[in-house]
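No value in this document is a laboratory result; all are computed from the given coordinates. Not measured: the values here are computed from a predicted model. Here the Cβ positions follow ideal geometry from the backbone for every residue, glycine too, while neighbour counts run over all protein chains shown.
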Amino acid sequence: MQKITTFLTFNDQAEEAAQLYTSLFPESKITRLTHYTAGTYMPVGNVMTVEFELAGQKYVALNGGPYFTFSTGISLSVSCADQAEIDTLWDKLTADGGEPGDCGWLKDRFGVSWQITPANMLQLLRSSDPAQMQRKMAAMMQMHKIDIAALENA
């Protein structure tokens with residue numbers, strides 16, 4: 001059993017977000033939906049919670065109304081195998097109103113912050129040559145989506 005579960009509160013897009021997220025990662029699925037009942041502040045029958053898994057990790061999404069918003073102070077970080085995976089996730093998560101950020105960060109159309117980086121990001125930024133390390137950091141600081149080849153060549 002997973003001890004800590006990420007809980008995401010949306011206005012009214014929890015199911016739509018979970019459908020997008022589960023379409024992006026292997027070993028992902030929506031596992032349960034609950035609906036609002038009489039006596040709650042949301043219309044009866046509306047989706048209340050969506051339980052889902054991303055790459056085997058459990059999440060819960062709640063439609064809580066406009067009282068909650070997301071912050072860049074927390075993000076979902078994805079370690080990507082290669083540039084193709086970075087490109088695919090970046091394109092799908094910034095589509096339809098998502099926003100690119102700096103250094104591999106983005107916000108999806110629901111306002112959730114993501115870090116889309118290569119699994120070997122720390123190794124890409126390291127060098128025994130201080131000047132090369134500075135060039136690599138400077139190159140990364142200019143990027144929105146991470147470009148592995150550009151970091152390797154810096």
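Cα centroid separation, region 69-103 to region 8-25: 14 Å. Contact order, relative form, for the chain: 19 percent (alpha carbon pairs under 8 Å, 6 or more residues apart, mean separation divided by residue count). On the beta carbon distance between THR34 and LEU125, with R0 = 35 Å, the FRET formula returns roughly 0.20. Applying both filters, DSSP loop and at most 12 other Cβ atoms within 10 Å, to the trypsin sites (Lys or Arg not before Pro) of region 1-104 gives LYS3.
Subtracting the Cα-Cα distance of HIS144 and VAL44 from their residue separation scaled by 0.36 nm leaves 31.8 nm. Backbone phi angles across region 48-65, fed through the Karplus curve with coefficients 6.51, -1.76 and 1.60 (θ = phi - 60°), yield HN-Hα couplings of 9, 10, 10, 9, 8, 10, 10, 6, x, 8, 7, 9, 10, 10, 10, 8, x, x Hz in residue order; Gly and Pro are listed as x. Across the chain, how many lysine pairs, 8 or more apart or on two chains, come within less than 20 Å at their alpha-carbon atoms? Going through the chain pair by pair, I get 8.
Taking a Cβ cut-off of under 13 Å around ALA119, the surrounding Lys, Arg, Asp and Glu residues balance to a net charge of -2, with basic ones at +1 and acidic ones at -1.
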